[in-house]
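The values are calculated or read from the model by the stated rules, or taken from the named source; none is laboratory data. Predicted model only: the values in this text are computed from it and were never measured. Glycine gets a Cβ as well: all are built from the backbone with ideal geometry, and neighbour counts include every protein chain shown. Areas reflect the complete protein model, heavy atoms only, side chains present, ligands, DNA and RNA absent. Shrake-Rupley method; radii C 1.70, N 1.55, O 1.52, S 1.80 Å.
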Amino acid sequence: MRILTTRSAHEDSDKASLSLATSSESFKTEYRDLGDVNDGVYRIGLKVGPVRVDNPGEKVVFNYQIVNAGHHSASDVEKSLRLAGGALANLGVKAASTAAGGVLGATVGGIVLPVIGSILGAAAGWLIGGFFDLIFADCDGPVAVEQVAVTGLDLWRNTSVSQNGVWWRETFHDGLDSPDGCGDNSRYYTTWSVVRELLPDAGEEMANTPAM
């Protein structure tokens with residue numbers, strides 16, 4: 001992640017999760033406490049997978065969340081991030097599996113989320129009200145959230161040989177309004193990638209591994 005402006009006046013106390021679900025596998029989530037961070041570039045180091053994707057119509061959804069949460073225990077924050085990440089991923093798979101003619105983002109609180117891109121504003125009310133009502137206090141709050149919903153064919157195309165087996169993207173997250181006494185609204189960039197890998201027991205079958 002690349003922080004241009006923290007949500008707090010000085011340092012954010014960031015926690016991050018990365019969740020993945022497919023139409024054939026239940027969701028998986030990885031979590032990491034990123035510590036106290038200021039403006040600058042930080043490696044997150046979260047990875048989920050590899051997961052087998054051997055069907056062009058397979059629905060693959062992954063999301064990440066980064067929250068500034070320094071006023072509750074790390075275990076409470078981790079529990080909330082895991083619940084929210086899993087719920088978002090499952091909603092995305094359900095929406096993609098029932099969509100006519102393509103993959104659509106999940107519908108959360110009556111809002112259709114984008115297939116790729118920051119959902120910090122769109123999903124904030126749902127996340128805060130449904131999962132983080134006991135966490136956010138003072139200057140705490142989400143600073144980066146994105147959900148990606150694609151098919152197996154999308155992954156194969158985006159991790160083709162011409163792309164050296166790696167599909168990566170940088171996303172800007174324009175922060176939510178912070179309370180009086182905090183810093184300016186946060187401004188975060190995040191970079192994620194999906195890497196095509198050979199499965200050791202599958203010959204030429206390929207796996208896809210989302211990472212940050």
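At 7 Å along the Cα-to-beta-carbon direction for both VAL166 and THR209, put a label point, then send me their distance in nm to one decimal.
It works out to 1.2 nm between the two label points.
Bin by bin, in steps of 5 Å, what percent of the Cα pairs in segment 1-101 do you find, going until the bin that has the longest distance?
2, 13, 21, 18, 16, 12, 9, 6, 3, 0
Starting at the first residue of segment 21-38, write each ³J(HN,Hα) from the Karplus equation 6.51 cos²θ - 1.76 cosθ + 1.60 with θ = phi - 60°, in whole Hz, x for Gly and Pro.
9, 10, 6, 10, 9, 6, 6, 10, 9, 10, 9, 8, 8, 8, x, 7, 10, 10
When only the heavy atoms of the protein chains count and the probe is 1.4 Å, how do GLU170, GLU78 rank by accessible area, highest first?
Largest accessible area first, the list is GLU170, GLU78.
For every other residue with a beta carbon closer than 12 angstrom to the beta carbon of ILE44, add +1 if it is Lys or Arg and -1 if Asp or Glu, then tell me the sum.
Net local charge, ILE44 excluded: +2.
Among the trypsin sites (Lys or Arg not before Pro) within segment 1-87, which fall in a DSSP loop and have no more than 13 other Cβ atoms within 10 Å of their own Cβ?
ARG43
Is segment 1-47 best put as rounded, prolate or oblate by its Cα gyration tensor, with a ≥ b ≥ c the root eigenvalues, rounded for a/c under 1.5, and otherwise prolate when a/b is larger than b/c, oblate when not?
prolate
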